[in-house]
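So the structure is just underneath, and the comments pick up after that.
The values are calculated or read from the model by the stated rules, or taken from the named source; none is laboratory data. Everything quoted here is computed from the prediction, not taken from an experiment. In this analysis, Cβ positions are derived from the backbone assuming ideal geometry, glycine residues included, and neighbour counts consider all displayed protein chains.
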Amino acid sequence: MSERKCLECGDTLRGRADQKFCSDQCRNTYNNRQLGESNHTIRHINRILKKNHAILTVHNQSGKTTVSKTDLLKSGFNFGYFTNTFQTRSGRIYFFCYDQGYSLLDHDKIILVRKQDYV
C-alpha cells in the first residue's frame with residue numbers, strides 16, 4: 001500500500017483511508033488558496049465597481065446633476081465597468097453602477113442620475 005500524503009504540507013497521513021489533510025490548519029490553508037486564486041478576478045472587478053459607485057455618489061448629491069468627464073476621470077472613475085444599462089424611449093443610454101447612473105451628453109459633459117426605487 002502506498003504512503004498517503006497531506007495535500008497541503010506533504011506530511012504522512014495517519015487515520016482514515018479517505019483523509020486528505022493532516023490537520024484543520026492544512027485543510028483551511030489549502031481551501032483558502034484554491035478559493036483565493038479562482039475569485040481574484042471577481043474581487044478585482046468588484047473593487048472597481050465599488051470605487052465607481054463611490055465616485056458617482058460624491059459627484060451626485062442631489063440625485064441629478066451634470067459634471068465633466070474630466071472630473072470623473074481625475075477622481076479615478078473607470079468607464080469600462082458598470083453593472084447594467086438602461087435605454088430610454090428617446091434612445092439615450094444610461095450606464096449604472098448599482099443605483100448611480102450616468103449618460104454622455106457631449107464630448108465632455110455627463111449627466112448623473114440616481115435610480116429610483118420602485119416598490
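Please indicate, with yes or no, whether at least one residue in segment 87-95 is buried (at least 18 other Cβ atoms within 10 Å of the Cβ) and within 13 Å of K64 (Cβ to Cβ). Yes, segment 87-95 contains a residue that is buried (at least 18 other Cβ atoms within 10 Å of the Cβ) and within 13 Å of K64 (Cβ to Cβ). Please determine whether any residue of segment 97-106 is without any contact (Cβ under 8 Å) to a residue 24 or more places away in the chain and outside any loop (DSSP other than H, G, I, E, B). Scanning segment 97-106, I find at least one residue that is without any contact (Cβ under 8 Å) to a residue 24 or more places away in the chain and outside any loop (DSSP other than H, G, I, E, B), so the answer is yes. Taken together, the residues in segment 87-113 that are among the acidic types (D, E) and more than 16 Å from Q61 (Cβ to Cβ) amount to 2. For segment 14-57, filtered to residues that are hydrophobic (A, V, I, L, M, F, W, C) and in contact (Cβ under 8 Å) with a residue 24 or more places away in the chain, the residue that is nearest to R114 (Cα to Cα) is L56. Regarding segment 59-66, can at least one residue be identified that is more than 15 Å from V113 (Cα to Cα) and either in contact (Cβ under 8 Å) with a residue 12 or more places away in the chain or surrounded by 15 or more Cβ atoms within 10 Å (Cβ to Cβ) (or both)? Scanning segment 59-66 turns up no residue that is more than 15 Å from V113 (Cα to Cα) and either in contact (Cβ under 8 Å) with a residue 12 or more places away in the chain or surrounded by 15 or more Cβ atoms within 10 Å (Cβ to Cβ) (or both). Filtering segment 36-53 to residues that are among the aliphatic types (A, V, I, L, M) and either surrounded by fewer than 10 Cβ atoms within 10 Å (Cβ to Cβ) or at pLDDT 95 or above (or both) leaves I42, I48, L49.
Comparison of L7, L56 shows that the only residue that is surrounded by 10 or more Cβ atoms within 10 Å (Cβ to Cβ) and at pLDDT 95 or above is L56.
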